[in-house]
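Take a look at the structure set out below.
Every number in this text was worked out from the coordinates using simple rules, so none of it is lab data. Remember, predicted model here, so these are calculated numbers, not experimental data. We place every Cβ from the backbone using ideal geometry, glycine too, and count neighbours over all the protein chains shown.
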Amino acid sequence: MNNWVFALGSMLVYLVLAFVIGLMAGRKRSFWSVSEYAVADRGLGLIVIWFMMGGTVFSAFSFLGGPGMAFSQGAASYFVPAYIALGILPWYLLGPKVGRIGARKNFFTMGDFLGDRYQSKALTVIVGVISVLAFIQYLTLQIKGMAFIFNILTDGVIPYWFGALLAYGIVVAYVATSGVRGAAWSDVLQGALMLIVAWTVGYYLVYMLQGSPTEMFTAIEQAKPGFLTIGQEGSQMSAMAYSTVILVSALGFLMWPHLFTKSYTTTEKRIKITTMAFPLFGIFLVPVLFVGFAAIGVIAPDALESPDQVLPHLVTNYLGANSWLYGLIGAGALAAAMSSSDAITHGGSVSLGRDVILPFKPDMDERTQVWIMRIGVIVIGAAAYWLSIFGAAGIIALLVGAYGSIAQFVPAVYGALIWRRGTKQGAIAGMVVGIGVNYYFQIVAESTPLDINAGIVGLLCNIVVFVAVSLMTRPVPAALANEYAEA
Amino acid sequence: MATGRQKKVTRPYIIFMMVMFLLMIFPLYGLANHVFPLVLGLPFGLFWVILLELITFVALCFFYRYEYGNGGEHE
């Protein structure tokens, strides 16, 4: 049997399974409840939440961007496992606070949270719009990943547009019908699958192409001195750039608005147990980097159009004889991309309904809200699909770019919980300035001062403006500020 | 409202978090910014990241156990 037939077969089997599990999850649940759709009536089990969180961490990045980064940038790629462990740490303290406030006040999103604390609908809408845009940006990257995997592993039999439509269409279908439950349960299947695949493939490639990890890293150091360190002769990243990219990614990590939504779906104790799992997620990612390192000296850097193609290139050119592995990689990579897409699509639809549309028509009944969220899934899905087929940008740049804007929520969110004096004018002004500065240094300017990450430059300006403007404007009622600070 | 044990944990937890952050970025990461010795086949810089993640995991387990004791999934 041809490899591509095998790959196509296993990907289709996987897709059917994910679809069925996603649809079954929402059965016999109230179809018309906002609470059920958005937060599953706050009653999902620990293992399911754990996989849902993990699934969001292991995205298309795990099979495309991650290996590509190790292949092209060496030690700079260590920042990924580093920030995943660090990024979640503050959540151990903040998560229960956010969850308590959210459950008491019946919140669903980060927009609800900020809007209530700062008494500003405008803030809710701003956060909602930015979140939805960042979600779409992030989704396009997942969809591109799915399409790419489908296309290359089936030898071009499944065209780019159709692979994307098939895989992402299934995600849209089960999220729209089953809400958070659909996303969560299919993530259990997807998470298990992609962990097995990542470890098998990572180690298999190292042993097959390079002998062993020890031989591999010794050879790399000999061939490219400095490549496996930071900020030295031959390194791909300066010490400042490395440190600040870890900082901004770690800070931004908590600001992904779906994390807020999820904290409302669970209990304090579970938030803390979930936090504990993240350092392990970071370790699980290491074989992903191995894939990229294994390609060094095997693939010439100019043989690839983009470093993201390292894994597919290795699979199609060096794994010819092993159809099992071929099929497994196809299914695993799809699982990684889909498990991020479902959670993000769901989060985007909730943000769109609650934060962007509801403030303009606050008297909307529940049934209409649920409809808007379900239609939102399709609208966001269509936008992301369109962008990923017709738009173009490198996977890593997109990810970091989306993180850049999201990280600008940090002062307002932390401010809500620890600083009673923060005001809506301060929060909005800080956010606008931060996003503007970040955008300028990321897109317009050639470089940043001292090679500091653009997001951190934006954050520094953001904090200064937030504090200064807050001190000049009228504080929110003391009782409200206290409720947040002491939650 | 937070319980007594949760409040007591806050300050040590913040210190723990800061230490982990600092060990992961420069200048302190400079201590680990080498290829050799390889540990478990990994360059020392990568091994350092993984070691810190394991320490983080264990520390979180201790924090959790201090707050909630050995109890299972009771709320």
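A few notes on this one:
- Sequence of A:V132, A:V175 once ranked by neighbouring C-beta atoms within 10 Å, starting from the fewest: A:V132, A:V175
- The protein assembly as shown - mean residue ellipticity at 222 nm from DSSP helices (-39,500 (n - 2.57) per run, n ≥ 4, rounded to 500): -24000 deg cm²/dmol
- Footprinting exposure proxy for A:V433, A:V201, A:V350 (fewest neighbouring C-beta atoms within 10 Å first): A:V433, A:V201, A:V350
- Of the residues B:C61, A:C461, the one with the fewest other Cβ atoms within 10 Å heads the list, and the complete ranking is B:C61, A:C461.
- Mean-position separation - Cα centroids, segment A:303-317 and segment A:451-469, in angstrom: 38
- Spatially, segment A:257-292 and segment B:15-63 are offset by 18 Å when compared through their Cα centroids.
- Here A:K269 is the anchor, and the aspartates and glutamates within straight C-alpha reach of less than 14 Å, apart from those fewer than 8 places off in the same chain, are B:E67, B:E73, B:E75.
- Among residues other than A:S59 with Cβ under 13 Å from its Cβ, the summed charge is -2 (Lys and Arg +1, Asp and Glu -1).
- Cα centre as origin, Lys/Arg/Asp/Glu Cβ charges: chain A dipole, Debye: 1680
- Nonlocal amide H pairs with B:V39, under 5 Å, H built at 1.01 Å: B:F44
- Cα-Cα over 22 Å, subset of A:K105/A:K262; A:K144/A:K262; A:K121/A:K361; A:K424/B:K7; A:K105/A:K361: A:K144/A:K262; A:K424/B:K7
- Legend: mean number of C-beta atoms from other chains within 10 angstrom of residue C-beta atoms, peptide B:57-67, equals 4.
- Shielding by other protein chains, A:72-82, mean Cβ within 10 Å: 4
- For segment A:227-241, 3J(HN,Hα) per residue [Karplus equation, 6.51 cos²θ - 1.76 cosθ + 1.60, θ = phi - 60°, Hz, x = Gly/Pro]: 5, 9, 10, 10, x, 10, 4, x, 6, 9, 8, 7, 4, 5, 4
- The slack in the chain from A:L133 to A:A485, taken as 0.36 nm per residue of separation less the alpha-carbon distance, amounts to 123.8 nm.
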